[in-house]
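The values are calculated or read from the model by the stated rules, or taken from the named source; none is laboratory data. Just so you know, these numbers come straight off a predicted model, no measurement behind them. Backbone-built Cβ (ideal geometry, glycine too); neighbour counts: all protein chains shown.
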Amino acid sequence: MNIKYTHNNNDLNLQHIGEQVYLKGWISNKRNLGKMIFLDLRDFTGNVQLIVKSDHLQYQQILCLKIETVVEVKGLVIERINKNKKSITNDIEVLISELFILSPAKTLPFSINSTSIESLEEIRLKYRYLDLRRNEMKLFLITRHNITQIIRQNLLVNDFLELETPLLSKSTPEGARDYLVPSRLYAGKFYALPQSPQIFKQLYMISGFERYFQIARCFRDEDLRSDRQPEFTQIDIETSFLTKKNIMHLIENIMIDLFQKIWYKNLSSPFLTLTYEKAINTYGTDKPDLRFELPIENITHYLKQEFIQKNIFNSEIRGIKVKKNFSKINLTNKIINKYKSLLKEKYNLNLVTLKKENQVIKGFLSQHINDNSFLKEDEIFFSFNDYSQDQLYINKALGFVRNQLAQDLNLIDYNRESLLWITDFPLFEFDVKTNRYYSTHHPFTAPKDISIFKKNPIKSFAQSYDLVWNGYEIGGGSLRINDYSIQQLMFKTLGFTEVEIEKKFGFFIESLKYGTPPHGGIALGLDRLSMLFNKTNNIRNVIGFPKTQSAKDLMLETPDSVEQEQLKILNLNY
């Protein structure tokens, strides 16, 4: 039966007492007290309590209703005697006169109302449509929507155009494996799903569209982590004729607006800026969390000169100093041994310590120390006993120690927010496994100094900038190459032959020859932004229908096999 729908649940208040109302929603809870039944009716706006008295003609039918059955109800709004302060509609309840079942529900595979549901992630993902009925999940996705709209409005008022780019694209090397789509019409040919709209947004700039943005779906077949998905969403932005500072200022204003409108918090600007070198040397990472201190320290100059000359060739003696007892938490041998095991497994390094007792340094290198003033009696110094390793490698291992100490000693100030820019990345990074250089960001990033790039590309720095929030990279951007000869040199430096450059990027090199404006941009990770604004550490919580950490969809049971006939049509044989 089609009855009138007069109110959302959260519209109801004391002003509606005595009115007949018509409501629709899900039965989210049911309590049988013998003489009456209490039902909680949930719609998207919230819950309202319903009452059915024992003399009601539908009493037995309602008694048998299963949780999550969808109903229409007609009833009288009355004042609630036992008010529930947790509910917006706590002042009223609805005395049911008629109830119609729109869709019955089976017995649920898990309790939607349970407070201990986080551990049931596999079954939640299998029945995602039930999981999304939970209020927590609803709020996660509403926040995601709000983030998207706030960013969109900021860009629109700054004269950006929201433009689309193709999803069926060309396979180009951008740092991860492509998802390939076979062509039915052209045997042995493939499209690729875009890892980012990078080339297309630059082509928009070459085409004369000076300000572009897109809420872009991207795809990367890479090893997954808890904060990664094979398909993800980024706020993709590109501009012509703006400087690096202009772009950073634009993004800072967006972040300030997000904090004000979502958390009612004020951020100060400009944000702190650290060079890549400073971040790595001080914090051991290009994504430092500055809600706690623990800088990496160089103690080489405290050592005896003869030891330095004999042993220190490729690196310095660096480490992290921390108090033995912090906030009543003891840095016990058990914790230290845990660190030693982790560092040996992850970095193949031996973690060692220095302590000071009765003004005497004890432990690693103690006999080679010339000046012990760098260490106090209540402190421990963590370092490594390998002097041959590359300094970058040592710094990254110390960055790992720094984060472990912060977590175990409760050093993180959760009332603070750490937003900063990391700039001046190396243009290239060397991969030991493949014995070749790769672009630190992507091969379209402009070098900081063209003359150095032409003479010695490997020593070049990039005109790039990453935005880091509480240890997470939430955005990365750069100024782009707008000279075709520099772009060709970039590809050659990465090991591409002339034939490969023409095959993979010939169209783009050609486009750069027709007047290309200086341009640059940035991409903000919408999934990570949503994760952080929702204060959850699981990125799957803020995506409507995510994949697992092993890239599976448990609800659709994908990836899945397909019929041989489909493969035959696509000229594929398995």
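Tell me, which strands (runs of 3 or more DSSP E) lie completely within the range 333-396 with 1 or more residues that are surrounded by 12 or more Cβ atoms within 10 Å (Cβ to Cβ), in contact (Cβ under 8 Å) with a residue 24 or more places away in the chain and of a type outside the set (A, V, I, L, M)? Spell out the reasoning first.
Working: elements: 351-357, 360-363, 379-384.
Because the criterion is at least 1 residues that are surrounded by 12 or more Cβ atoms within 10 Å (Cβ to Cβ), in contact (Cβ under 8 Å) with a residue 24 or more places away in the chain and of a type outside the set (A, V, I, L, M), the strands (runs of 3 or more DSSP E) in the range 333-396 that meet it are 351-357, 379-384.
Could you list, in sequence order, the residues of the range 210-265 that are under 30 Å from LYS547 (Cα atoms), in contact with a strand residue (DSSP E or B) (Cβ under 9 Å, 6 or more places away or on another chain) and assigned to a loop (DSSP other than H, G, I, E, B)?
Of everything in the range 210-265, those that are under 30 Å from LYS547 (Cα atoms), in contact with a strand residue (DSSP E or B) (Cβ under 9 Å, 6 or more places away or on another chain) and assigned to a loop (DSSP other than H, G, I, E, B) turn out to be ARG220, GLU222, ASP227, PRO230.
Can you work out which of the residues in the range 293-316 that are modelled with pLDDT of 90 or more and assigned to a strand (DSSP E or B) is farthest from SER373 (Cα to Cα)?
ILE296
Of the residues that sit in the range 462-483 and are without any contact (Cβ under 8 Å) to a residue 40 or more places away in the chain and of a type in the set (A, V, I, L, M, F, W, C), which one is nearest to GLY399 (Cα to Cα)? Before the answer, list the steps.
Step one: filter the range 462-483 for residues without any contact (Cβ under 8 Å) to a residue 40 or more places away in the chain, giving 462, 481-483.
Checking the rest, the ones that are also of a type in the set (A, V, I, L, M, F, W, C) come to 462, 481.
Values: ALA462: 23, ILE481: 32 Å.
If we take residues in the range 462-483 being without any contact (Cβ under 8 Å) to a residue 40 or more places away in the chain and of a type in the set (A, V, I, L, M, F, W, C), then ALA462 is nearest to GLY399 (Cα to Cα).
For residues in the range 266-292 being part of a helix (DSSP H, G or I) and in contact with a Pro (Cβ under 8 Å, 6 or more places away or on another chain), which is farthest from ARG318 (Cα to Cα)? I'd like the intermediate steps shown before the answer.
So the first thing to find is which residues in the range 266-292 are part of a helix (DSSP H, G or I), and the list is 276-283.
After this cut, where a residue has to be in contact with a Pro (Cβ under 8 Å, 6 or more places away or on another chain) as well, the list is 276, 279, 282-283.
On the way: TYR276: 18, ALA279: 14, THR282: 10, TYR283: 11 Å.
Looking at residues that are part of a helix (DSSP H, G or I) and in contact with a Pro (Cβ under 8 Å, 6 or more places away or on another chain), I get TYR276.
Is it the case, given these coordinates, that LYS321 is surrounded by 15 or more Cβ atoms within 10 Å (Cβ to Cβ), free of Cβ contacts under 8 Å to residues at least 60 places away in the same chain, in the same structural domain as SER366 (by TED's automatic domain parsing) and more than 24 Å from the chain's Cα centre (by Cα)?
Details: surrounded by 15 or more Cβ atoms within 10 Å (Cβ to Cβ): yes; free of Cβ contacts under 8 Å to residues at least 60 places away in the same chain: no; in the same structural domain as SER366 (by TED's automatic domain parsing): yes; more than 24 Å from the chain's Cα centre (by Cα): yes.
Here the answer is no, as LYS321 does not meet what is asked.
For residues in the range 439-480 being surrounded by fewer than 19 Cβ atoms within 10 Å (Cβ to Cβ) and among the hydrophobic types (A, V, I, L, M, F, W, C), which is nearest to the chain's Cα centre (by Cα)?
Among those that are surrounded by fewer than 19 Cβ atoms within 10 Å (Cβ to Cβ) and among the hydrophobic types (A, V, I, L, M, F, W, C), it is ILE458.
Would you mind telling me which numbered condition in (1) in contact with a helix residue (DSSP H, G or I) (Cβ under 6 Å, 6 or more places away or on another chain); (2) polar (S, T, N, Q); (3) at pLDDT below 95 SER530 fails?
The one condition SER530 does not meet is (3).
Consider only pairs whose beta carbons are under 7 Å apart and that are at least six residues apart or on different chains; among these, list those whose first residue lies in the range 516-534 and is assigned to a loop (DSSP other than H, G, I, E, B) and whose second residue is among the β-branched types (Val, Ile, Thr).
Matching pairs, first to second residue: THR516/ILE206; ASN534/THR143; ASN534/VAL542.
Could you tell me how many of the residues in the range 126-184 are outside the structural domain of PHE508 (by TED's automatic domain parsing) and either over 30 Å from GLY46 (Cα atoms) or assigned to a strand (DSSP E or B) (or both)?
Of the residues in the range 126-184, 0 are outside the structural domain of PHE508 (by TED's automatic domain parsing) and either over 30 Å from GLY46 (Cα atoms) or assigned to a strand (DSSP E or B) (or both).
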